[in-house]
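See below for the structure under consideration.
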Amino acid sequence: MTNSIRPHHSRPTSILVSGAGIAGTALAYWLARYGFSVTVVERAADLRGGGQAVDVRGSALQVIDRMGLLEDVRAAKTGLRGMSYVDADGRELRRTTGWTASGGSSDGPDVEILRDELATLLARAAGTGVEYLFGDSIGTLVQDDGGVRVRFASGAERRFDLLVGADGLHSATRRLVFGPEADYLHPIGTYIASWSAPNHLGLDRWEVFHQPGVDGVWGCMAMTVRDNTELRVFVGFTSEEPYERLLPRDPMAQKRLVAERCASLRWEVPRFLKAMWETDAFHYDVVAQIRMDRWSRGRVALLGDAGYCCSPLTGQGTSVALTAAYVLAGELHAADGDHETAFRAYEERLRPHVTACQALLGLGQEMVAAEARAAAGPEGNEEPTGVDGPAREDSPEFRAAVAFDLPDY
C-alpha cells in the first residue's frame, strides 16, 4: 500500500497532533496514509534540530520497513565502529569494537540515528497531505460531544474531531486535559545534557567516554555524527535536589547550570563547554518516566513520551513511540474513526509492551550506578565498567521486554 492511497472512511475525521517530534511525525504519516485529515502544531519554528542519538529496534524496525524507510534510516545511521574509555588526562584505559554505550552491539540489527534526522525522514515521507503549523502551540482547548475546539497561542481558533498530544515529557496537552505534571512525572535524580561540537578530536566513527566522578557527574561522552563532521557531546549528572530547581525553562539558564556542574572537570570538557555556548543544538532535561492510569480522555489521546515516557536509560523511548504511532493510527483506521473504540484498543494492545519497557529503567539505573562507582574508585584508577560487554541490549531479559507482535491493519 503506497502513501498515495487514501482509504475512504464513513466518518470524515480531522485530527490535530501536538508535537512534531518522532512520535508526532510518525503518527501524521500513518493517519495521512489512512485518509484522515491531519494537522500538526509545533512550538518550534521548524522541525527541531539537535538532540541525542536514538535507537530503533525490534517492532519499530518493522514499522519503519512498512513505511518504506528502512533503507533510508539505515543509510543515516551513526555507523560507530566502537568506543574508548579515557581518564581525566585523556589517556585511553580500554577500548572495544564490539559495542558502544549509545547504540549497543556494533553488529546487531538495531539502528542508531540522530533524533532530528529520523524526524525529518518521517515528516518527508508523510508528504504534502499533512498540514504543519510551526511556531505555534495549543493555548486552551474545550471538548464537547462533537469535537475539540482549540485556541492556539497565536490567537487563532479551530475545531478538530480529535486531538493527540505527542508533545513530549513536559506535555502541555497532558497538563490541559489530565492535570499537573507533578501527578505523573517520576524523576530518578539524574539529568542529561547534549549538544553539538566540532570534531576537534579527529574521531572517525568513534565514541569516547569519560567517568569524572566529580560533583555528581557520572559521565561525559563524545561521539561522531554526520560523517565525522561534528561531535555530539553528552553529560550526565545526579542530584538529590527537587527536580523543579534544576529545570529552568530558559536554554541559557540550562547552559549555565551545566557549565557550573562541569566547571571542575578535566579531559576535553572545557572545550566542549565552550562549544556548548556557541551552538543552538542543545538539549537538557531530567531523566524521568511518565506513568498514567489511562492515556485518553474523551476525544484527546496521548502518544509517546507525553503519555508513557520510558526514559533515555531504557533505550526504548523512540522504538516505543514508533510502534505506538503505528498502533494508534491503525486502530483509528480499523474503527472507522470511532475514537472510543480506537483509543480503548490502542491502550489494551500497547500497555503491556509499555509496562515491560518502562521496567527496563532498573537496568539503566544499574548501569549509571556502576559507572559512578568506577569513577569514584581510589584516585580514579579503577577500570571502567562494561567495556567488554555484552551490551545490555543483547541480554535475554532486554530482548524479552522489548518484544512486540506488530499487528496488521
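A compact table of results
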| quantity | calculated |
| --- | --- |
| Unique match (being modelled with pLDDT of 95 or more and either surrounded by 23 or more Cβ atoms within 10 Å (Cβ to Cβ) or of a type in the set (Val, Ile, Thr) (or both)) among Thr314, Thr323 | Thr323 |
| Subset of the range 232-245 [modelled with pLDDT of 95 or more and either over 19 Å from the mean Cα position of the chain (by Cα) or open to solvent by 40 Å² or more (accessible area, probe 1.4 Å) (or both)] | none |
| Among the residues listed as Arg174, Arg205, the single one being of a type in the set (Lys, Arg) and touching a helix residue (DSSP H, G or I) at 6+ places or on another chain (Cβ under 9 Å) | Arg174 |
| Meets criteria (on the phi > 0 side of the Ramachandran plot, touching a residue at least 24 places away in the same chain (Cβ under 8 Å) and touching a strand residue (DSSP E or B) at 6+ places or on another chain (Cβ under 8 Å)) for Gly19 | yes |
| Every residue from the range 41-65 that is small (Gly, Ala, Ser) and touching a strand residue (DSSP E or B) at 6+ places or on another chain (Cβ under 8 Å) | Ala44, Ala45, Gly50, Gly51, Ala53 |
| Counted residues, the range 184-198 - those being more than 19 Å from the chain's Cα centre (by Cα) and open to solvent by less than 30 Å² (accessible area, probe 1.4 Å) | 1 |
| Of the criteria (1) part of a helix (DSSP H, G or I); (2) within 20 Å of the chain's Cα centre (by Cα); (3) within 25 Å of Trp206 (Cα to Cα), which one Gln254 fails | (3) |
| Segments classed as strands (runs of 3 or more DSSP E), wholly inside the range 114-226, with at least 2 members that are under 18 Å from Val300 (Cα atoms) and touching a strand residue (DSSP E or B) at 6+ places or on another chain (Cβ under 9 Å) | 138-144, 147-152, 157-160, 162-165 |
| Residue count, the range 260-283 (criterion: over 24 Å from Leu114 (Cβ atoms) and either assigned to a helix (DSSP H, G or I) or not aliphatic (A, V, I, L, M) (or both)) | 5 |
| Failed item in (1) surrounded by fewer than 14 Cβ atoms within 10 Å (Cβ to Cβ); (2) within 28 Å of Ala253 (Cα to Cα), with Gly127 passing the rest | (2) |
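The values are calculated or read from the model by the stated rules, or taken from the named source; none is laboratory data. Given the structure is predicted, the values throughout are model-derived calculations rather than measurements. We place every Cβ from the backbone using ideal geometry, glycine too, and count neighbours over all the protein chains shown. Surface areas here come from the heavy atoms of the whole protein model, side chains and all, with no ligands, DNA or RNA. Shrake-Rupley method; radii C 1.70, N 1.55, O 1.52, S 1.80 Å.
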